[in-house]
Structures are given as C-alpha cells and as structure tokens.
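Let me begin by presenting the structure, written as structure tokens, before commenting on it.
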Amino acid sequence: MQGAAIAFSPSLSLAPSNRNLFVDRRHFQSGHPRFDKFSPSTQKFSCSVNPGGWISRPIPEFVESRLDGVVVRATSDSASAAESPKSKSFVDTLVLGSLLGAWYLFNIYFNIYNKQVLKVFHYPMTITIAQFAVGTALVLFMWIFNLYKRPKITASQLFAILPLAVVHTLGNLFTNMSLGKVAVSFTHTIKAMEPFFSVVLSALFLGELPTLWVVSSLLPIAGGVALASMTEASFDWVGFWSAMASNLTNQSRNVFSKKFMVKKEDSLDNITLFSIITIMSFFLMIPITLTTEGVKFTPAYLEAAGLNLKELYTRSLLAALCFHAYQQVSYMILQRVSPVTHSVANCVKRVVVIVTSVLFFRTPVSPINSIGTGVALAGVFLYSRVKRIKPKTV
C-alpha cells in the first residue's frame, strides 16, 4: 500500500507518523464543493508529523491521482515502503530455512556421535545424565549472562512441570538405550510409531477421538514398522522395546503438557519450559544413575576399560551439545510455524537422519527393510496432513 495524505480535514489525527502531508492551494479555492469554508492558500507547502512536532520541508517528487474529487499523492518514500512486506517475507523465509537446516544438522551429528559413544561405552544412564548436565550448564550460562531472560518460577509451576520432566527424562533415557542396542536407522524407524501413541493417549486422557482419516493413516505406519522389524539385521528386543517406550513417554509429555499446563497466567514460552525441564531432568537422573550404574565416567575407570579418554570425552561432549542445540532449535521453529508444518518437517528430518546414518555407518539394509521403512515414514507424513481435517458437525 502506498502512503498518501488527503487535503486538510477536521478529523485529521495528529498522532506521530513519518508520512508526508501535501497541501495544494487549489483545494482551498472558493467554490470547491468540499472546501468552501477555507480561504485560498497562496503557497504550496509540505509538512511532516513527527514526534518532535511539525516540520516544513520542500515538496519531493510525487505521483498524483484523483479519487472522487480528492487528490491523493504518494511520495517516493512510500514506494520503498511498499516493498518492505516482501523483503520481510524473504528474510523470514531465509531465517526459517536456516533454522530447519540447523535442526537437521544438529540431529544428524547427535545421532552419529551418540552412537559412536554407546558402541564402546555401554552405560546409557551415564550418557543420559551427561547430556542433561551439559544442557543444564548451557541454560545457566544463558541466564547468568542475560542471553535469555531468566524466568520467575512459582512452586505451583514447578509442580505442574514435574510430570513433564519425568517423562522427558525417561524418553531420552529409553532412546539412548535403544541406540546402544540397534542401528540408528532402526531406532528412528520404530520412533515413527509416535503418532499411534499420540492418538491412543489423547483419546484416553483428553477425550480427543480421532477421525477416520487419522485412523487410516496409522495403518501404513504400523505395517511399515512391522515389516522393517522382521527384516532388520540389527534387531534386538531390548532395543525394540526401548524405542517403543521412548514413543510412549515422549507422547505422554505432549498429553501432560495439554492437560496440566492450561492456565494462561502460568504459561511459559517453549524455550523457557524446555530449559526448566532440562535442569529438572538432570537432578532426576542423579539418584537413578548412582543406584543402577554407579560412577562410570571417571578417567580411572575408562582407562581401566581400555578406552580412549580424549575421543570418548570429546564425542560425548559434542553429542550433548548437539542434543541440546537441536531441541532448542526445534522449539524456535515451533514458534514460527504451525504444529502441522512442524510435524511435516519432523517427518522429513527423520528421513534425513535414517538415510545419513545408513550411509555413515554402512548399515546393511535389505530391499524389504527399505520398503517397510518407507511405508512407515509415508504413513507419518500422511498422518501429519490428515490430522488437520476437522470432523463434520451435524
């Protein structure tokens, strides 16, 4: 839209603006049907309404058009302003594309480094608490140096967040347990079952009954995962059920989020909520790790086990940094797009992770296994599309 000003009107607002107002003496000549009461003006002038007051300026180049007897003039400034929405849209698209690329890249490197560590260090609880410890350190660093606003948390908010922290902790622990037992590609194929658990839990606890379209989209997901499982070279029951448990806990987190975090005055933005959950998960993992695995990440223990300290610590740190980074970026993307768009992007991300992990680790994949994985992922994409179809009301 071009900025324009209309000749003097009694209702003209004097609110601060950066637009130019042009007045032509022709509009004040006696006999003009709209401005008989005004006396003729002897000079053409330009005024700008600014916070500091009215400032007279020479008239710049302008374009004139007549609409129902009213002269409307747009300056060259308004032409550049007309392009600003397009420029803003391009910048937003560029930022979103960069965030998606970073999300995928961090996720790829997390799975690669994490798998390399878990292949030689078979203590998933220790790895999980190390990842939460690094995340906690990053969160505290951002809060201390005001890189992100430190929230004011009440006891009631912490009580409401606690169930989310518990299932978040278990979800990441089960994922690491699965990655330690089976191939990265197989773990992510099983995690394609997340929509199934989401539908079941939403129906049981939220009373949200799925549409026929949603139920139909779950069939290829379940069939594809079953086909991929039957032909998986690295199949292991512990790895399989750990990935399934990860699906259950991760989707429980979404249900708890809807059920308990509903008060608007108590709501937190996604990144703040994730930061608090990360800190709580770290403290929840301390007693679990100490009672089950003990202290296994010391230099003395690792050297006695014949492991390369530098490589293990470096890759563990990189995996933890990528773990925290990709989840932070995921929430940043969710603030910019709709949940449906985010779900589709997550489906594409899973495909990228599966393909890159197969290529990097040279995972043997049979044709039937590839078909099963492809069918499951296609079902996830279909689910993300049909989920927004609203049932017809009678």
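The values are calculated or read from the model by the stated rules, or taken from the named source; none is laboratory data. Keep in mind the model is a prediction, meaning the values are calculated, not measured. Here the Cβ positions follow ideal geometry from the backbone for every residue, glycine too, while neighbour counts run over all protein chains shown. Surface areas here come from the heavy atoms of the whole protein model, side chains and all, with no ligands, DNA or RNA. Shrake-Rupley method; radii C 1.70, N 1.55, O 1.52, S 1.80 Å.
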Practice task
With the condition kept exactly as written, say whether any residue in region 222-229 is open to solvent by less than 40 Å² (accessible area, probe 1.4 Å) and farther than 21 Å from VAL386 by Cα.
Solution key: yes
Practice task
Kindly indicate whether any position in region 74-86 is basic (Lys, Arg), modelled with pLDDT of 50 or more and closer than 27 Å to LYS349 by Cα.
Solution key: no
Practice task
Pairs only if they're at least six apart or on different chains, beta carbon under 8 angstrom, first in region 134-162 and among the polar types (S, T, N, Q), second in a helix (DSSP H, G or I); list them, first residue then second.
Solution key: THR136/THR278; THR136/ILE279; THR136/PHE282; THR154/ASP266; SER156/ASP266; GLN157/ASP266
Completion exercise
Subset of region 312-340, residues open to solvent by 70 Å² or more (accessible area, probe 1.4 Å), part of a helix (DSSP H, G or I) and either closer than 30 Å to LYS88 by Cα or in contact (Cβ under 8 Å) with a residue 24 or more places away in the chain (or both), comes to ARG315, LEU317, MET332, PRO339
Problem - Qualifying position, being open to solvent by less than 70 Å² (accessible area, probe 1.4 Å), touching an Asp or Glu at 6+ places or on another chain (Cβ under 7 Å) and among the aromatic types (Phe, Trp, Tyr), among TYR113, TYR148, TYR123 - result: TYR123
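This table checks each residue for (1) modelled with pLDDT of 90 or more; (2) over 26 Å from LEU96 (Cα atoms).
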site	(1), (2)
LEU309	yes, yes
GLN327	yes, no
GLN335	no, no
ILE354	yes, no
ALA376	yes, yes
Exercise for the section: Take region 154-197 and flag every residue that is more than 30 Å from LYS119 (Cβ to Cβ), crowded, with 22+ Cβ neighbours inside 10 Å and of a type in the set (Val, Ile, Thr). Expected result: ILE161
Completion exercise
Scanning region 269-290 residue by residue, the ones that are part of a helix (DSSP H, G or I), closer than 23 Å to ILE144 by Cα, touching a residue at least 24 places away in the same chain (Cβ under 8 Å) and of a type outside the set (Ser, Thr, Tyr) total 10
Handout entry: Qualifying residue in region 198-207 (condition: more than 24 Å from VAL352 (Cβ to Cβ), of a type in the set (A, V, I, L, M, F, W, C), open to solvent by less than 30 Å² (accessible area, probe 1.4 Å) and assigned to a helix (DSSP H, G or I))
Key = yes
Handout entry: Every residue from region 129-145 that is of a type in the set (A, V, I, L, M) and open to solvent by 20 Å² or more (accessible area, probe 1.4 Å)
Key = ILE129, ALA130, ALA133, VAL134, ALA137, LEU138, LEU140, MET142, ILE144
Handout entry: Verdict on ARG385 being buried (at least 18 other Cβ atoms within 10 Å of the Cβ), out of contact with any strand residue (DSSP E or B) (no Cβ under 7 Å at 6 or more places or on another chain), charged (D, E, K, R) and assigned to a helix (DSSP H, G or I)
Key = no
Handout entry: Out of GLY97, GLY101, sole residue that is of a type in the set (Gly, Ala, Ser), at pLDDT 50 or above and either in contact with a helix residue (DSSP H, G or I) (Cβ under 9 Å, 6 or more places away or on another chain) or within 30 Å of LEU312 (Cβ to Cβ) (or both)
Key = GLY101
Practice task
Could you grab me the full set of residues in region 227-237 that are part of a helix (DSSP H, G or I) and touching a helix residue (DSSP H, G or I) at 6+ places or on another chain (Cβ under 7 Å)?
Solution key: LEU227, ALA228, SER229
